[in-house]
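A short worksheet on the structure shown next.
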Amino acid sequence: MGKKYLRMTLNERIQHINLAINFTILVITGFALKYPEAFWVSPITDVPLGMTFRGFLHRLSGVATLTLGGYHLLYLAFTERGRQIVVDMIPGWKDAVDLWETLKNNLFINRPAKVLKMGRFNFREKLEYLGLIWGTIVMTVTGCILWFKEEWLLFFPLWTFEVARAIHFYEAVLATLTILVWHFYSVVFNPDVYPMSWAWINGNLTEHEMELEHGLELERIKAEEKGGSVHSNEGPKAGGGKVYPMQEGREKLSIKGIYGMVQNFNESIKNWKGM
Amino acid sequence: MIWRKNKAWIVPLGILSLLFFLGGPGETAWGGNAQCLSCHQDKDLAKKDARGKKVSLYVSEDLFGKSVHAGISCTDCHTRILDDAHAGKGVKEADRKVDCGACHEMSEKLFKTSVHSLRAEIACKECHGHHYIKPLTDPRSVTYRTNLIQTCGACHPEESEQFGGSIHGVELSRGRPNQPTCTTCHGTHAIRAKSDPESPVHFRKVAITTCPQCHAAERIMREYRFTTQPVRSYYDSFHGLSYRGGDAFSANCASCHGVHDIRPSSDPKSMIHRDNLQQTCGTCHPRASENFAKGKIHSVASIKGEDFGEKVVGWVRVVYILLIVMVIGGLTFFNFMDWLRKTIDRKP
């Protein structure tokens, strides 16, 4: 096993799991309203008050997601790591080039394939993160219109409510499909990480994974290490440790031990060359 | 043509037709009635019931002869009356209920499940009358569609009066075909309480089968220059979607349009008249403002829609579908290529 690189701190992993759970609840309870006769909705519709509870849960999860978004904004603003995330997340011309070159590599237009070195967040991640922000804003605004219809309809005509309803639905379709197609490819079905990228559980990427996806960042870290400075993505230096003090120490007795075993097993499956 | 040359087939046919004509109305049919009517044709014939109230025992031969049951004898229904001594022996013997179910099996079976049978002391004759029952299609029948308002109204005066003033009732009185009468929504023999999930007026059925049986029927709605759009639009609205999922608090047709007293929006008494809409919405949305109740409710999103809002929503839909197809299609293509390349590159 090579060197591990911290990808997500415990705080970020908790944020991620939080979002994943809330997003799933929102998707299920949301589409359960649009397709009430679908077979998978029967656990909701067969229960007395099921639809009422569905609505309540949808709003609750919406509020939770919004709260998480608010927390994430504070995290981005008031921790050094967060501020670095913002800086690294800004999309640039290089991302477009990376995307284009990846496509050309994959279509065998570039022969031999160009080795692409991408930064801390590659174009895949930037696209998804920015899409997530966009989606959260759209869903929050339209969702609040639908929730507080009495207040909204004090000032706006009824058709704006219908527009909000349509946008809320289609944006949900878009977001769900994006997660299924884009995110699940990046972290599950991508042959480089299959059966799963473990970063969301143990927070680490292997050196091999870093090379493939974040070559530039790997070079930067290595240069920093050679230069003797402490690499900056290993937890907070500033902020008084208030935002994520649980990172040190608890990492030792974390789930990593259990999942490390599974991970080793998976790695041996992955590296299996046949008999 | 063997049947033209050989006329032997006439013999069995002749026997069969003789049997048919002779066998039909037997002696009992008319012979018995004459015996009964010899007394019961007397207009003054009466008895006293348990409360001492006078009950006429007169049966008009003329009217009975015109009823749908004219072909059967008195004793077919009044099976307990064995001989003409019943009058002398006392009222009890003749007082037995007529068992309509002996012939009308299905109606009897359905009626036994109805709220009228289970919770009320009602028998067939309360709605259908007794000796002079006319067929359902006869406009003089008490169960003829336009007469049902009076027939049911005998016990349900309030509902009957409300219905009479409603658009359904008015159009029904004008003799328009396919206008609903009491039984269109409530059913006939198996009328159930509205709390019974089997009842067609149970809240779970109202917007699924009861109202849409006409309002989602293209032919009927075209006849009245309506569209089936309200039903379609309801099913896709929040109210309709939640209702379809079983939400008991979600509005159905009757929540906004009323029950017996459904009137067109042009009628100032209507729940959906522009002056009453805020109040109607307000029953569920107490904070509903004046503006809340404005605008087209049963709108269907379409880029060709009549309403401005319908057009906007239609365009939003078109743009979003294009966006989804392009974005998701692009992402899928990109990832599939990525997967293919990585799979090809991978040495076995």
Checking B:I321, B:I303, B:I344 in turn, the sole residue that is assigned to a loop (DSSP other than H, G, I, E, B) and either farther than 30 Å from A:L177 by Cβ or not assigned by TED's automatic domain parsing to the domain that holds B:T181 (or both) turns out to be B:I303
If you go through A:T45, A:T24, A:T65, A:T102, the only one that is under 19 Å from A:T176 (Cβ atoms), without any contact (Cβ under 8 Å) to a residue 40 or more places away in the chain and either open to solvent by 40 Å² or more (accessible area, probe 1.4 Å) or of a type in the set (S, T, N, Q) (or both) is A:T24
Given the conditions (1) within 13 Å of another protein chain (Cβ to nearest Cβ); (2) open to solvent by 60 Å² or more (accessible area, probe 1.4 Å); (3) not in a loop (DSSP other than H, G, I, E, B), every one holds for B:R232 apart from (1)
Just checking, does the range B:322-338 include any residue being closer than 24 Å to A:L146 by Cβ and either more than 9 Å from every other protein chain (Cβ to nearest Cβ) or open to solvent by 70 Å² or more (accessible area, probe 1.4 Å) (or both)? yes
Over the range A:35-80, the set of residues of a type in the set (G, A, S) and touching a Lys or Arg at 6+ places or on another chain (Cβ under 6 Å) is none
Matching residues in the range B:243-253 (open to solvent by 30 Å² or more (accessible area, probe 1.4 Å) and either more than 8 Å from chain A (Cβ to nearest Cβ) or part of a helix (DSSP H, G or I) (or both)) number 2
Reported set for the range A:84-98 where residues are open to solvent by 70 Å² or more (accessible area, probe 1.4 Å), of a type in the set (V, I, T) and closer than 13 Å to A:E125 by Cα is A:I90
Checklist entry - Does A:K104 satisfy the criteria of being more than 30 Å from B:H239 (Cβ to Cβ) and either within 12 Å of chain B (Cβ to nearest Cβ) or among the polar types (S, T, N, Q) (or both)? => result yes
In the set A:F121, A:F108, the lone residue that is modelled with pLDDT under 95, under 25 Å from A:M210 (Cα atoms) and crowded, with 16+ Cβ neighbours inside 10 Å is A:F121
Of the candidates A:L154, A:L127, A:L116, the one satisfying the condition of being touching a residue at least 40 places away in the same chain (Cβ under 8 Å) and open to solvent by 80 Å² or more (accessible area, probe 1.4 Å) is A:L127
* To do: Determine whether A:S197 is of a type in the set (G, A, S), touching a strand residue (DSSP E or B) at 6+ places or on another chain (Cβ under 9 Å) and either facing chain B (nearest Cβ under 10 Å) or free of Cβ contacts under 8 Å to residues at least 40 places away in the same chain (or both).
  => yes
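The values are calculated or read from the model by the stated rules, or taken from the named source; none is laboratory data. Note that this is a predicted model, so its numbers are computed, not measured. FYI the Cβ positions are ideal-geometry reconstructions off the backbone, even for glycines, and counts take in every protein chain you see. For the accessible areas, the whole protein counts, side chains as well, though only heavy atoms, and no ligand, DNA or RNA atoms are used. Shrake-Rupley method; radii C 1.70, N 1.55, O 1.52, S 1.80 Å.
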